Amino acid sequence: MPVRAARVGRRGVIGAPVAKAAVVAKAVTPGPSPVAKAAVVTAAVTPGRGRRRF
Amino acid sequence: MTETSLDELGPVDFVIVEFPAGESNFTGEMASELLSLVDTGTIRIIDLLVLTKDADGALDAIELSDLEDVGELVRLEADLAEMLAEEDVVHLAEAMDPGSTAGVIIYENLWAAPFASAARRAGGQLIANGRIPIQAILAAVEADEALETVGG
């Protein structure tokens with residue numbers, strides 16, 4: 001793999017192979033439209049919602 | 001880097017954004033928004049690479065200085081620290097699909113540096129951090145709604 005010489009043989013910072021993140025567009029289907037689900041998420045992070053029940 | 005500047009260092013993150021084969025649509029908007037974050041002092045770009053993975057899985061890592069027509073992004077070149085090592089490129093590319101291209105940036109969260117520095121001065125130590133996926137929030141909301149339905 002061609003990389004700049006300065007990057008070869010050095011200790012890395014990432015540490016381990018990276019897994020692909022789930023794609024939001026795929027995660028919100030099927031079911032209600034993505035727009036509707038986005039509204040649900042927006043509501044969830046709105047101040048005062050208070051979902052904690054310990 | 002001096003001890004003083006290390007103490008003032010903000011959290012450093014990376015993102016890798018993949019563009020599946022044939023689905024990229026570069027208008028310069030991404031570059032403009034990235035530069036805006038830099039210019040407003042929100043982040044500092046430490047490293048930037050463009051990775052390509054061909055259909056056979058072969059990787060290539062392209063430096064910003066080797067890219068053509070990068071426009072205003074050229075302003076970042078002088079400040080890049082080339083932090084990523086060859087093994088990092090391999091690790092990052094694990095998440096890429098064959099035939100795709102990806103942009104990788106390593107950046108310091110300058111906006112968080114004063115708080116992080118204050119926490120360190122107060123004796124605090126970071127024991128965990130992370131990102132909550134939107135999917136997890138959505139799942140939690142749906143679980144709440146399901147409980148409310150059952151609970152009547």
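The values are calculated or read from the model by the stated rules, or taken from the named source; none is laboratory data. Because the structure is predicted, anything quoted here is derived from the model rather than measured. Every residue, glycine as well, gets a Cβ built from its backbone with ideal geometry; the counts of neighbours run over all protein chains shown. All accessible areas refer to the heavy atoms of the entire protein, side chains included, with ligands and DNA or RNA removed. Shrake-Rupley method; radii C 1.70, N 1.55, O 1.52, S 1.80 Å.
Peptide A:37-47 has a mean shielding of 3, counted as Cβ atoms of other protein chains within 10 Å of each residue's Cβ. Residues considered: B:ILE43, B:ILE106, B:ILE134. Largest GNM mean-square fluctuation over chain B, using C-alpha springs under 10 Å, is found at B:ILE134.
At 1.4 Å probe radius, can you tell me the per residue accessible area of the protein assembly as shown in Å²?
Averaged over the residues of the protein assembly as shown, the accessible area is 65 Å².
Counting, for every residue in B:94-101, the Cβ atoms of other protein chains within 10 Å of its Cβ and taking the mean gives 2. Under 5 Å from the amide H of B:GLU94 lie the amide H atoms of A:VAL18, each residue being 5 or more positions distant or on a separate chain, with H modelled from the backbone and absent for Pro and chain starts. When every Cα-Cα distance of the stretch B:1-130 is counted in 10 angstrom steps from zero, the calculated P(r) takes the values 11, 37, 33, 15, 4, 0 percent. Taking 0.36 nm per residue of sequence separation and removing the Cα-Cα distance, the B:ARG131/B:SER32 pair yields an extension gain of 33.2 nm. An ellipsoid equivalent to the stretch B:25-73, defined through the eigenvalues of its Cα gyration tensor, has semi-axes of 24, 13, 10 Å when rounded to whole angstrom and sorted largest first. Ranked by solvent-accessible area (1.4 Å probe, protein heavy atoms only, all chains present), the residues B:MET96, A:MET1, B:MET30 order from largest to smallest as B:MET30, A:MET1, B:MET96. What the phi angles of the stretch A:3-20 give under the Karplus curve with 6.51, -1.76 and 1.60, with θ = phi - 60°, is a coupling list of 9, 4, 3, 5, 9, 8, x, 8, 6, x, 10, 7, x, 7, x, 8, 8, 5 Hz, glycine and proline written as x. Computed over the protein assembly as shown, the P(r) curve from all C-alpha pair distances, binned at 5 Å from the origin, holds 1, 6, 11, 14, 15, 16, 13, 10, 7, 4, 2, 1, 0 percent per bin.
Would you rank B:SER117, B:SER32 by solvent-accessible area, highest first, keeping every protein chain in place and using a 1.4 Å probe?
B:SER32, B:SER117
Our coupling estimate for the stretch B:78-88, obtained by passing each phi through the Karplus curve with A = 6.51, B = -1.76, C = 1.60 and θ = phi - 60°, is 5, 9, 6, 9, 6, 6, 5, 9, 4, 5, 5 Hz, Gly and Pro reported as x. Around the amide H of B:VAL70, modelled in the peptide plane, lies no amide H under 5 Å away from a residue 5 or more places distant or on another chain.
Taken along the Cα-to-beta-carbon direction at a fixed 7 Å, the label points for B:PHE115 and B:ASP54 span 4.6 nm. The phi torsions of the stretch B:121-126, fed into the Karplus equation with coefficients 6.51, -1.76 and 1.60 and a -60° offset, translate into couplings of 5, 7, x, x, 10, 5 Hz, rounded to whole numbers, with Gly and Pro shown as x. Amide H to amide H distances under 5 Å link B:ILE46 with B:ILE106, B:TYR107, B:GLU108, where only residues 5 or more positions off or on other chains count and H is placed in the peptide plane.
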